[in-house]
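Okay, structure first, notes after.
The values are calculated or read from the model by the stated rules, or taken from the named source; none is laboratory data. What you see is a predicted model; the values in this text were computed from it and never measured. Ideal geometry is used to build each Cβ from the backbone, glycine not excepted, and the neighbour counts take in all protein chains shown. When the accessible area is computed, the model is the full protein with side chains, heavy atoms only, and any ligands, DNA or RNA have been set aside. Shrake-Rupley method; radii C 1.70, N 1.55, O 1.52, S 1.80 Å.
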Amino acid sequence: MSLLEGVLYSLNDLISPFKCNVETCKGACCFIEGKFGAPLKPYEINKIENSIPAIWDLLPVSSKKVINSQGWLLKNNGKLFTNVVNNKECVFVYFENQIARCAFEKAYLENKIQFRKPISCHLFPIREYSFFFTQLVYVKIPECQSAIENGKITSTPLYCSVQDALIRRFGAQWFDNLKNSISKAAYFNRNEFSIGGK
């Protein structure tokens, strides 16, 4: 594990090939089976609440029914999550050409709201855990196999795929420092390999 300004990460994880391919996976990370949807941070609650009117017409009838009857927010053991429909898709998912997409992100990209999506969704497949340090964990799920293959084809490492999310969460300077750390580690590893190969 490496530590950068209070954030723990695995170099091998962040340089692993990964680039989303929603045409193949159909946005599977938005409808993973389970009782809880996206993990949320407390500061996101009001942002979500204030953004719902702008996305309401995008939501499927099934999602509207859940939100109206049960609410969109779930709490479990002090943690916060979005609600889900039928123990599957997040209530803020809409489907376009059979692909699950985030209603918040669509409205954000159309400049209708300022909230893009929960940071946990933006960072995925990286999950953030807080102990003594903030730790970034690469969550590997079968549904993302196409993203791994696409990452290999396009030579795209995971940290580049989630660049916008990492900058949003930790800042541009932190991300620049991360890139520098990864570059130095790669340079060191190349030299070590060359020396060892003599």
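Within region 61-101, restricting attention to residues that are assigned to a strand (DSSP E or B) and among the aromatic types (Phe, Trp, Tyr), the residue that is most open to solvent (accessible area, probe 1.4 Å) is Phe95. With respect to being surrounded by 14 or more Cβ atoms within 10 Å (Cβ to Cβ), in contact with an Asp or Glu (Cβ under 9 Å, 6 or more places away or on another chain) and within 25 Å of Phe170 (Cα to Cα), Cys20 falls outside the description. What about Lys106, is it in a helix (DSSP H, G or I), open to solvent by 20 Å² or more (accessible area, probe 1.4 Å) and without any contact (Cβ under 8 Å) to a residue 12 or more places away in the chain? No, not satisfied. Every test in (1) under 21 Å from Gly27 (Cα atoms); (2) surrounded by fewer than 16 Cβ atoms within 10 Å (Cβ to Cβ); (3) among the polar types (S, T, N, Q) is passed by Asn111 save one, and that test is (1).
Tell me which residues, restricted to region 9-33, are more than 17 Å from the chain's Cα centre (by Cα) and touching a residue at least 12 places away in the same chain (Cβ under 8 Å).
Passing the criteria: Leu11, Glu23, Thr24.
For the condition in contact (Cβ under 8 Å) with a residue 24 or more places away in the chain, among the charged types (D, E, K, R) and under 16 Å from Pro39 (Cβ atoms), what is the one hit in Lys75, Lys79, Lys88? Residue meeting the stated conditions: Lys79. Tell me whether region 35-48 contains one or more residues that are modelled with pLDDT of 95 or more, open to solvent by 70 Å² or more (accessible area, probe 1.4 Å) and not in a loop (DSSP other than H, G, I, E, B). Checked against the condition, which is being modelled with pLDDT of 95 or more, open to solvent by 70 Å² or more (accessible area, probe 1.4 Å) and not in a loop (DSSP other than H, G, I, E, B), region 35-48 yields at least one hit.
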